[in-house]
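The values are calculated or read from the model by the stated rules, or taken from the named source; none is laboratory data. In this text the structure is predicted, and so the values were computed from the model without any measurement. No Cβ is skipped: glycine too gets one built from the backbone with ideal geometry, and neighbour counts run over all protein chains shown.
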Amino acid sequence: MRRPEPFLVTRLVRAVFAVALLASLVAAPAAAVQPPAGLTMEATVLLDGHARVGSWMAIDIHVANVGPAISGELRLAGGAQGRTRFGTPVDLPTQSDKTYRLYAQPPAFGREIEISLVSGDSTVATTKAAFSVHEATQLVVGIVAERPGDIVGDLDLLPNMQNVAPLTVALGVEDLPARVEAWGILDRLIWQDTDSSRLSTEQINAMRGWISGGGRLVIVGGTAGPASLSAFPDTLLPYRPTATTDVEPGALVAMLGEIPDAATALPALSGEL
């Protein structure tokens, strides 16, 4: 039997070694950088971590520092291929407690995005923020309410053409981004019994832009009264509610059809059209 040439054997060994080395690099993710003593850093994706590929998401990075002062930059890699860099400068004196916000496009693969705190040429600390990516045709409904579970239980939404069920997400006012680009995951927003004055001017402007782009704001009556809608501009409301009125069941027959015999009067927001 003919024996392999030494040169060919050497090349085969080198190729196998290179493949093994590459596999080890791919299989072993980069270890997280431990922050120095006195520094803590955590990150959260707004809108409960939901996003769509090609759209933007907002990421809050909370950094507290009781150690030596740190100046640098928060950085992350995003975009469909994870090759686009996003960053913002940071200044963390001793005893500082700050929240920074980054906007980025989510990678097409994976469920976490890594954020690094860099000072000069050194990475001081890293943290990860979890997110979920949804296809463009899936209906996503956000719910801002005192008791969102009650609304979720009453919704009857059909799946899309691919038989993907709609997603309902309970949100707080603080979950709504201040830039319209990061509202892309939402198709509808249900608002009930929540004081609109808790919204910042930037959030309201972002909401207006989202509605102009096709988003749907659904305001559901409750017990909070018209004052809870005072921060919404007239352009977002079909009419300006001025009082809470008890509506007798008989007045709802034309709208709802048959009314149960035990039905009682319901509170409703009233005003001039």
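Here are the numbers for the structure shown:
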read-out: Extreme residue, farthest from Leu273 (Cα to Cα), among residues of segment 194-243 that are of a type in the set (Asp, Glu) and more than 17 Å from the chain's Cα centre (by Cα); value: Asp195
read-out: Condition check for Arg83: among the charged types (D, E, K, R) and surrounded by 17 or more Cβ atoms within 10 Å (Cβ to Cβ); value: no
read-out: Filtered residues of segment 40-62 (kept if in contact with a Pro (Cβ under 9 Å, 6 or more places away or on another chain) and more than 22 Å from Val169 (Cα to Cα)); value: Met41
read-out: Qualifying residue in segment 117-134 (condition: aromatic (Phe, Trp, Tyr) and under 20 Å from Leu76 (Cα atoms)); value: yes
read-out: Of residues in segment 91-116 being within 27 Å of Gly184 (Cα to Cα) and either β-branched (Val, Ile, Thr) or more than 19 Å from the chain's Cα centre (by Cα) (or both), the one modelled with the lowest pLDDT; value: Ile113
read-out: Hits in segment 151-173 - residues which are in contact with a strand residue (DSSP E or B) (Cβ under 9 Å, 6 or more places away or on another chain) and either assigned to a loop (DSSP other than H, G, I, E, B) or without any contact (Cβ under 8 Å) to a residue 24 or more places away in the chain (or both); value: Val152, Leu155, Leu157, Val164, Pro166, Leu171, Gly172
read-out: Looking only at segment 185-210, and only at residues there that are touching a strand residue (DSSP E or B) at 6+ places or on another chain (Cβ under 6 Å) and not charged (D, E, K, R), the one that is farthest from Gln138 (Cα to Cα); value: Thr194
read-out: In segment 121-145, the residues that are touching a strand residue (DSSP E or B) at 6+ places or on another chain (Cβ under 7 Å) and of a type outside the set (A, V, I, L, M); value: Thr123, Thr126, Thr127, Lys128, Phe131, Ser132, His134, Gln138, Gly142
read-out: Residue in segment 156-176 that is at pLDDT 90 or above, surrounded by 17 or more Cβ atoms within 10 Å (Cβ to Cβ), among the charged types (D, E, K, R) and assigned by TED's automatic domain parsing to the domain that holds Trp191 present; value: yes
read-out: Residue selected from segment 250-269 under the condition assigned to a loop (DSSP other than H, G, I, E, B) and of a type in the set (A, V, I, L, M, F, W, C), by the criterion surrounded by the fewest Cβ atoms within 10 Å (Cβ to Cβ); value: Ala262
read-out: Yes/no for Gly82 being at pLDDT below 95 and either over 17 Å from Lys128 (Cα atoms) or of a type outside the set (D, E, K, R) (or both); value: yes
read-out: Condition met for Ile211 (part of a strand (DSSP E or B), outside the structural domain of Asp48 (by TED's automatic domain parsing) and closer than 30 Å to Thr44 by Cα); value: no
read-out: Members of segment 115-147 found to be outside any loop (DSSP other than H, G, I, E, B) and free of Cβ contacts under 8 Å to residues at least 40 places away in the same chain, listed by number; value: Ser122
read-out: Flag if Ala136 is surrounded by fewer than 13 Cβ atoms within 10 Å (Cβ to Cβ), modelled with pLDDT of 95 or more and under 16 Å from the mean Cα position of the chain (by Cα); value: no
